[in-house]
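Beneath this line is the structure, given in structure tokens, with notes to follow.
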Amino acid sequence: MNFTTRFTFTLAITLLGAIQLTTGAAALAETAEQTDWSGGGGVSGPVIDWTNHFSESTGASFAGAGLLSLVCVPTSPVQHTISNGLSLPDAVYPADIDGDGDDDVVAAFWAEDSVMWFENINGAGTWWGAHVVDDSMDGPREICAEDLDGDGDLDLLGAIHAGSRLVWWENINNGSSWAYHTIDGYLRSCTVVRAVDMDNDGDFDALASGVNVSGDLVVWWENENSAADWTEHIITTAPFYPRGLHHADIDGDGDQDVLVGAWNDHEISWWENPLGEVGAWIKHSIDQDFLSPYTVFGADIDGDGDMDLVGGAAQDDEISWWNNLSGDGTTWEKQIINGDTSSAHYVMAIDVDFDGDMDVLGASFSDNTVAWYENRGDASSWIQHIISNSFEGADMVRVGDFDNNGTLDAVGAAYLGQRVDWWEIVEYVDTGELTSSILDTENPALAWEDWTLDATQPDGTSLSVEARASNDADDMGSWVQLLPGDLASYLENGQQYLQYRLSLSTTDYEHSPTLSSLEFNWSNTTSAVVNPGVGAMFAPYPNPSNSGFRVSYSLHKAGNVELSVYDLAGKRIEVILDREKESGRHSLNWNASGLASGVYFLRLSAAGEVFTRQVVISQ
């Protein structure tokens with residue numbers, strides 16, 4: 001809906017000579033505002049404060065602090081093949097390698113001793129071209145893609161397990177060729193690698209785990225001189241087989257801490273980054289009884305502003321998350337997401353359905369399952385969505401947008417099935433609706449004033465607002481569509497209960513209308529709209545209408561009544577009524593079928609006083 005500016009309405013009302021509302025006593029203004037919908041639906045009301053709840057919604061959901069927009073919904077997974085037959089794919093990573101604006105896929109194949117990237121040729125994920133990055137690697141275990149040398153394209157980091165190396169490949173000419181560079185040529189059992197800015201200097205460093213002469217270790221290499229030089233910094237040699245490795249600012253001090261899952265110690269811990277301070281990394285234990293943690297991931301799972309942790313256990317057969325209760329990493333509480341998985345080899349957290357909370361994806365090796373877990377809002381409950389339960393030796397799952405439709409897809413590596421596939425897992429919603437809780441204003445003698453909203457509507461999107469008011473919360477009556485300005489043009493004064501309904505739509509999958517806040521204002525007494533001539537002019541019904549309106553008004557004393565129609569420019573276009581009327585309440589039907597669609601004003605004058613109501617004709 002194309003919202004007319006508040007200035008236009010103010011100007012039109014001024015041209016009509018609308019009265020200033022007066023009362024014998026001060027009329028105290030009251031406001032009801034909603035800026036947060038994160039609490040979810042199910043609260044029908046009446047409530048005295050909307051807080052962060054609403055009654056119900058379809059396709060519209062909370063999408064961040066103070067933001068409401070269209071979302072994605074789960075769909076039956078549609079599987080697409082990227083690679084089939086290359087032996088023992090161990091890792092996948094979505095990245096735009098050729099810089100053409102769509103997501104390609106990089107993969108490591110253990111038995112092939114090769115790292116390859118697959119070009120998303122048509123940008124729709126249905127036509128892939130295979131390109132060799134390096135086929136001389138001895139057992140590549142994991143890879144990631146970032147711009148390591150700062151030249152604007154994506155390079156690759158690789159953990160070479162059997163070859164005992166940590167390496168990077170320089171992307172030359174959009175993936176058409178690659179230059180090999182060694183970071184550490186003596187890191188035995190190099191298993192995991194992450195690209196992350198560990199020292200806050202603006203470039204990507206390398207975080208990895210492996211074994212050297214000191215034993216098992218977690219280590220990071222400082223990227224110096226645009227990846228021409230690398231300096232080793234050992235974080236710890238304490239964990240026994242640190243298979244799980246990730247990073248997050250756990251204590252909220254602005255630097256990246258390190259999360260470690262120690263397979264043989266059955267322990268998950270985080271290591272405090274001493275950036276800017278003298279001293280070694282400090283260990284903080286999270287869980288010492290998580291059997292064989294294979295994978296960890298840091299993210300704000302419950303949306304409270306601090307970093308939590310997700311982990312997958314090979315022997316405990318579960319995917320769980322740990323709530324950072326204190327916000328600084330000193331107190332943790334474990335909650336199980338799925339306690340019936342078999343050897344979780346990879347987990348990650350991302351907002352899959354764009355509803356503002358973190359969902360979780362997992363790949364379970366022994367039960368051949370790739371799934372995503374829908375966060376119901378505060379991470380207290382989850383809905384499992386199976387992507388595939390026949391993905392043999394599911395070793396890794398990540399996300400990208402491979403069909404360029406604006407939604408997230410999943411990509412996985414089937415170690416035993418010798419496959420790299422991607423799936424469409426959610427579909428875009430082009431319309432949505434949200435109905436608020438019924439608000440109890442606690443004021444049966446109110447006078448409606450105005451309403452405002454803070455919203456964005458990109459081209460191809462629309463957001464409309466309806467409202468209704470009643471003195472009976474069990475019978476709220478009909479909805480009336482609102483335009484910015486005078487709320488009294490739509491709702492009858494003296495109605496204690498208020499409810500609104502939002503409708504959102506888009507014709508462009510890349511954009512959604514968004515709402516940040518919605519506000520309704522009223523005065524605490526109907527005397528604010530009473531004057532010596534006109535007792536009251538009630539909201540025309542229905543409004544909007546394509547044919548006619550029921551217009552009702554009351555008079556304090558008998559006299560001549562004139563009821564006229566004006567357009568937005570203030571021009572009178574029709575006189576509906578001009579005659580003597582007795583005191584009391586009166587009603588008439590106005591046939592507006594001859595007028596074009598648009599906004600008009602009904603101006604009622606009696607005994608030298610006027611009252612104005614706004615109507616919308618929608619043919």
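The values are calculated or read from the model by the stated rules, or taken from the named source; none is laboratory data. Keep in mind that this is a model prediction, so the values were computed, not measured. Here the Cβ positions follow ideal geometry from the backbone for every residue, glycine too, while neighbour counts run over all protein chains shown. Ligands, DNA and RNA are excluded from the accessible area calculation, which covers all protein heavy atoms including side chains. Shrake-Rupley method; radii C 1.70, N 1.55, O 1.52, S 1.80 Å.
Could you please let me know if Asn560 is more than 26 Å from Gln495 (Cα to Cα), in contact (Cβ under 8 Å) with a residue 24 or more places away in the chain and not basic (Lys, Arg)? Walk me through it before giving the result.
Working: more than 26 Å from Gln495 (Cα to Cα): yes; in contact (Cβ under 8 Å) with a residue 24 or more places away in the chain: yes; not basic (Lys, Arg): yes.
Yes: the conditions hold for Asn560.
Do we have any residue at all in region 470-488 that's without any contact (Cβ under 8 Å) to a residue 60 or more places away in the chain, open to solvent by 10 Å² or more (accessible area, probe 1.4 Å) and in contact with a helix residue (DSSP H, G or I) (Cβ under 9 Å, 6 or more places away or on another chain)?
no
Determine the pairs where a residue that is closer than 15 Å to Ser503 by Cα, located within region 424-445, has a partner that is aromatic (Phe, Trp, Tyr) and open to solvent by 40 Å² or more (accessible area, probe 1.4 Å) with Cβ atoms under 8 Å apart, the partner being 6 or more residues away or on another chain.
Short answer, once both residue conditions are applied: Asp430/Tyr509.
Quick one: in region 193-218, of everything that is part of a strand (DSSP E or B) and free of Cβ contacts under 8 Å to residues at least 24 places away in the same chain, which residue is most open to solvent (accessible area, probe 1.4 Å)?
Our first condition is that a residue be part of a strand (DSSP E or B); within region 193-218, this holds for 193-196, 205-212, 215-218.
Narrowing further to those that are free of Cβ contacts under 8 Å to residues at least 24 places away in the same chain: 205, 215.
Working: Asp205: 0, Gly215: 22 Å².
So the residue we want is Gly215.
Specify the residue that is farthest from the chain's Cα centre (by Cα); the eligible residues are those in region 289-327 that are farther than 21 Å from Gly254 by Cβ, of a type in the set (S, T, N, Q) and assigned to a strand (DSSP E or B).
Taking the candidates together, the pick is Thr295.
Residues that are touching a Phe, Trp or Tyr at 6+ places or on another chain (Cβ under 8 Å), farther than 14 Å from Thr295 by Cα and not basic (Lys, Arg): list the strands (runs of 3 or more DSSP E) wholly contained in region 225-280 that include at least 3 such residues.
Values: elements: 229-236, 242-248, 257-262, 267-272.
Result: 229-236.
Specify the residue that is modelled with the lowest pLDDT; the eligible residues are those in region 547-571 that are under 12 Å from Leu604 (Cα atoms) and open to solvent by 20 Å² or more (accessible area, probe 1.4 Å).
Selected residue: Ser554.
Just the residues that are of a type outside the set (A, V, I, L, M, F, W, C) and surrounded by 24 or more Cβ atoms within 10 Å (Cβ to Cβ), please, taken from region 299-328. Give the steps one after another, and end with the answer.
Our first condition is that a residue be of a type outside the set (A, V, I, L, M, F, W, C); within region 299-328, this holds for 300, 302-306, 308, 311-312, 315-318, 320, 323-324, 326-328.
Selection gives Asp308, Gly311, Gly312, Asn324.
Please pick out the residue among Asp401, Asp409, Asp430, Asp395 that is out of contact with any Phe, Trp or Tyr (no Cβ under 8 Å at 6 or more places or on another chain) and under 30 Å from Gly123 (Cβ atoms). Steps first, answer last, please.
Working: Asp409 fails: out of contact with any Phe, Trp or Tyr (no Cβ under 8 Å at 6 or more places or on another chain); Asp430 fails: out of contact with any Phe, Trp or Tyr (no Cβ under 8 Å at 6 or more places or on another chain); Asp395 fails: out of contact with any Phe, Trp or Tyr (no Cβ under 8 Å at 6 or more places or on another chain).
Residue meeting the stated conditions: Asp401.
Identify the single condition in (1) closer than 25 Å to Met348 by Cα; (2) crowded, with 19+ Cβ neighbours inside 10 Å; (3) at pLDDT 95 or above that Asp96 does not satisfy, given that it satisfies every other one.
(2)
Taking into account only those residues within region 345-394 that are assigned to a loop (DSSP other than H, G, I, E, B) and charged (D, E, K, R), which is least open to solvent (accessible area, probe 1.4 Å)? Show your work before the answer.
First pass over region 345-394, keeping only residues assigned to a loop (DSSP other than H, G, I, E, B): 351-358, 365-368, 376-381, 389-393.
Keeping just the survivors that are charged (D, E, K, R) gives 351, 353, 355, 357, 367, 376, 378, 392.
On the way: Asp351: 34, Asp353: 3, Asp355: 22, Asp357: 20, Asp367: 48, Arg376: 131, Asp378: 91, Glu392: 93 Å².
Ranking the candidates gives Asp353 first.
Of all residues in region 47-93 being of a type in the set (Gly, Ala, Ser) and modelled with pLDDT of 85 or more, which is surrounded by the fewest Cβ atoms within 10 Å (Cβ to Cβ)?
Applying the first criterion (of a type in the set (Gly, Ala, Ser)) to region 47-93 yields 55, 57, 59-61, 63-66, 69, 76, 83, 85, 87, 91.
Now drop any that are not modelled with pLDDT of 85 or more, which leaves 55, 57, 76, 83, 85, 87, 91.
Values: Ser55: 17, Ser57: 20, Ser76: 10, Ser83: 20, Gly85: 6, Ser87: 13, Ala91: 26.
Only one residue tops the list, namely Gly85.
Applying the selection to region 485-505, what residues are out of contact with any Pro (no Cβ under 7 Å at 6 or more places or on another chain), modelled with pLDDT of 85 or more and not small (Gly, Ala, Ser)? Walk me through how you get there before you give the answer.
Taking region 485-505 first, the residues out of contact with any Pro (no Cβ under 7 Å at 6 or more places or on another chain) are 485-493, 495, 498-503, 505.
Filter once more, so that each one left must be modelled with pLDDT of 85 or more: 487, 490-493, 495, 498-503, 505.
Leu487, Tyr490, Leu491, Glu492, Asn493, Gln495, Leu498, Gln499, Tyr500, Arg501, Leu502 - these are the residues of region 485-505 that are out of contact with any Pro (no Cβ under 7 Å at 6 or more places or on another chain), modelled with pLDDT of 85 or more and not small (Gly, Ala, Ser).
Do we have any residue at all in region 285-293 that's touching a Leu at 6+ places or on another chain (Cβ under 7 Å) and either open to solvent by 60 Å² or more (accessible area, probe 1.4 Å) or free of Cβ contacts under 8 Å to residues at least 60 places away in the same chain (or both)? Break it down stepwise before answering.
As a first pass, look at region 285-293 and keep what is touching a Leu at 6+ places or on another chain (Cβ under 7 Å): 286.
Still in the list and also either open to solvent by 60 Å² or more (accessible area, probe 1.4 Å) or free of Cβ contacts under 8 Å to residues at least 60 places away in the same chain (or both): 286.
Scanning region 285-293, I find at least one residue that is touching a Leu at 6+ places or on another chain (Cβ under 7 Å) and either open to solvent by 60 Å² or more (accessible area, probe 1.4 Å) or free of Cβ contacts under 8 Å to residues at least 60 places away in the same chain (or both), so the answer is yes.
Could you please find all residues in region 331-344 being open to solvent by less than 30 Å² (accessible area, probe 1.4 Å) and part of a strand (DSSP E or B)? Outline the logic, then answer.
Within region 331-344, the first condition is being open to solvent by less than 30 Å² (accessible area, probe 1.4 Å), and the residues that meet it are 337-338, 341, 343-344.
Residues satisfying the conditions are Ile337, Asn338, Ala344.
The rows are residues; the columns are (1) open to solvent by 10 Å² or more (accessible area, probe 1.4 Å); (2) over 17 Å from Gly85 (Cβ atoms); (3) not charged (D, E, K, R).
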| residue | (1), (2), (3) |
| --- | --- |
| Val106 | no, yes, yes |
| Met116 | yes, no, yes |
| Asn120 | no, yes, yes |
| Gly125 | no, yes, yes |
| Trp128 | yes, no, yes |
| Asp153 | yes, yes, no |
| Leu157 | no, yes, yes |
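Looking at (1) at pLDDT 90 or above; (2) outside any loop (DSSP other than H, G, I, E, B); (3) touching a Ser or Thr at 6+ places or on another chain (Cβ under 6 Å), which is the only condition Ser462 fails?
Among (1) at pLDDT 90 or above; (2) outside any loop (DSSP other than H, G, I, E, B); (3) touching a Ser or Thr at 6+ places or on another chain (Cβ under 6 Å), Ser462 violates only (1).
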